[in-house]
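Here's the structure we're looking at; comments come further down.
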Amino acid sequence: MNWTSPAEFFAMGGYGQYVWGSFGVAIVVLGAEWYLLRQRRKAALSQVKRQLILRKEEFQ
């Protein structure tokens, strides 16, 4: 395709709302996934630390 202006590029021949909406949804989903992965990692590390402390106390 050949666009003559930025407005035509963003309009994408009338399909811009679907194209840019899809990009927006993908960015939101990837951001949520990244956030949730960080939360699960923090929780897993906390659990491992607690288990190590309990085992250390158990052997003393």
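The values are calculated or read from the model by the stated rules, or taken from the named source; none is laboratory data. The structure displayed is predicted, hence computed values, not measured ones. Glycine also receives a Cβ, built like all others from the backbone with ideal geometry; neighbour counts cover every protein chain displayed. Note: areas computed on protein heavy atoms with side chains; ligands, DNA, RNA excluded. Shrake-Rupley method; radii C 1.70, N 1.55, O 1.52, S 1.80 Å.
Of all residue pairs spaced 6 or more apart or on separate chains, none has beta-carbon atoms under 7 Å together with a first member in the stretch 35-60 that is at negative phi and a second member that is open to solvent by less than 90 Å² (accessible area, probe 1.4 Å) and among the polar types (S, T, N, Q).
Restricting to the stretch 4-21, and then to whatever is outside any helix (DSSP H, G or I) and open to solvent by 50 Å² or more (accessible area, probe 1.4 Å), can you tell me which residue is modelled with the highest pLDDT?
Across the stretch 4-21, the extreme among qualifying residues is Y15.
Here Q60 fulfils each of the conditions (1) open to solvent by 100 Å² or more (accessible area, probe 1.4 Å); (2) assigned to a helix (DSSP H, G or I) apart from (2). Do we find that R40 is at pLDDT 95 or above and either in a helix (DSSP H, G or I) or touching a Phe, Trp or Tyr at 6+ places or on another chain (Cβ under 6 Å) (or both) in this structure? Answer is yes for this residue. Restricting L30, L54, L45 to those that are open to solvent by less than 90 Å² (accessible area, probe 1.4 Å), of a type in the set (A, V, I, L, M) and at pLDDT 90 or above reduces the list to L45.
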